[in-house]
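The values are calculated or read from the model by the stated rules, or taken from the named source; none is laboratory data. This structure is a prediction, so every number in the text was calculated from the model and none was measured. Using ideal geometry, Cβ is built from the backbone for each residue, glycine included, and neighbour counts are taken over all protein chains shown. Note: areas computed on protein heavy atoms with side chains; ligands, DNA, RNA excluded. Shrake-Rupley method; radii C 1.70, N 1.55, O 1.52, S 1.80 Å.
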Amino acid sequence: MAVNEEALMWVEKYRPKSLKDVVDQHDIVESLKAFMRNPKIMPHLMFAGIPGTGKTTTALCIAYELFGMQNWRNFTLELNASDERGIDTVRERVKDFSRYSRGAFGDVPFALIILDECDQMTGPAQTALRRIMETSSRTSRFILICNQSSKIIEPIQSRCAIFRFSRLERSAMVERLKEIAKRENVNISSEAVERVVDYSEGDLRHAINALQTAAAYKEDGVVDEKVVLQVIGEASPKQVQLMLNKAINGDFIEARRVMYDIIGIYGFTGAEIIRQMQKELFKISYITPEQKAELSNILGEYDYRLTQGANSDIQLSALLAQFSKASITLGESS
């Protein structure tokens, strides 16, 4: 059945179909291209890194290039390794898939098995997976995808070529988002794109989803920073900076008033406000790294108090009071 591209999420609609189109993972792509030129030498692979950096996309691109866009599903098995059905189901599906696919690969001497979230598997499940990889190695190659390779047992790691996906460069994310916006006829300001990139923290999938949501919110004209802030649920950086500046300069009452404005407008929790304060604190140029470290320590203390169930309003007020009190010490040390 044909897929209606208009109904696709942009993450899927603009997912790269070729290794050369994978965003900002140049060294990894070049290494993998060598395997594509001679698939017989390809080992089991492990892709590790934070979410949204292209691990699953890269695995699918390998499948497309090995088997072709029309046939890749016939020779590729995708599984979530942390599925609650357990490793026994994974074992049976891999066994059945290898048996079904045997001898039908054409120029490629193996089928491909993509296992996502491998770092969520228990120790016994990983031990069983190790055995599955051994018994299926004549007819299959595995691509294991995880966020933290340290959670994968050493016997599995030693059987794989490990590729570590780094956080995407800011410029590459900006370029990709602008490209998608252009193709979707979305007029978005540069400030709005920058805010989406800040919000996503290197996760391109997260950024594209935020962009699509922001595009749906606009009625006419440009998707600006205000629209993006509404979508991602963050206060205006200017307001958070104002609150910080007031507190750091000893004006506790005014800082507290700004805090309540932010809570009233955006309905944030205390933890969300502290997270933004931490982000904006490091943009303030007139305080030294040592002073930022001291203020970060205060933020950490009150963030912990909130996780223990303390009253949000009281703790945020106390936090600003601490910042105002610290401003005296900061002034003396400068």
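Residue count for segment 111-150 under the criterion of being touching a Lys or Arg at 6+ places or on another chain (Cβ under 6 Å), under 14 Å from Ala59 (Cα atoms) and either surrounded by fewer than 21 Cβ atoms within 10 Å (Cβ to Cβ) or at pLDDT below 90 (or both): the result is 0.
Looking across segment 291-300, just one residue is open to solvent by 40 Å² or more (accessible area, probe 1.4 Å) and in contact with a helix residue (DSSP H, G or I) (Cβ under 8 Å, 6 or more places away or on another chain), and that is Glu294.
Residue count for segment 173-223 under the criterion of being free of Cβ contacts under 8 Å to residues at least 60 places away in the same chain, of a type in the set (Ser, Thr, Tyr) and either in contact with a helix residue (DSSP H, G or I) (Cβ under 6 Å, 6 or more places away or on another chain) or closer than 21 Å to Asp21 by Cα (or both): the result is 3. Determine, yes or no, whether Glu272 is modelled with pLDDT under 90, closer than 21 Å to Ser236 by Cβ and open to solvent by less than 40 Å² (accessible area, probe 1.4 Å). Answer is no for this residue.
Here's the yes/no breakdown for (1) in a loop (DSSP other than H, G, I, E, B); (2) over 19 Å from the mean Cα position of the chain (by Cα):
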site: Met133; (1), (2): no, yes
site: Ser137; (1), (2): yes, yes
site: Phe142; (1), (2): no, yes
site: Ser150; (1), (2): no, no
site: Ile156; (1), (2): no, yes
site: Arg164; (1), (2): no, no
site: Leu168; (1), (2): yes, no
site: Arg176; (1), (2): no, no
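The residues on offer are Ala207, Ala255, Ala192, and the sole one that is crowded, with 21+ Cβ neighbours inside 10 Å and farther than 30 Å from Lys55 by Cβ is Ala255.
Can we say Ile153 is farther than 26 Å from Tyr217 by Cβ and surrounded by 21 or more Cβ atoms within 10 Å (Cβ to Cβ)? No, not satisfied. For segment 230-251, the count of residues that are over 21 Å from the mean Cα position of the chain (by Cα), open to solvent by 10 Å² or more (accessible area, probe 1.4 Å) and of a type in the set (Gly, Ala, Ser) is at least one. Scanning segment 30-83 for residues that are modelled with pLDDT of 90 or more, at negative phi, buried (at least 18 other Cβ atoms within 10 Å of the Cβ) and part of a loop (DSSP other than H, G, I, E, B) gives Met42, Thr53.
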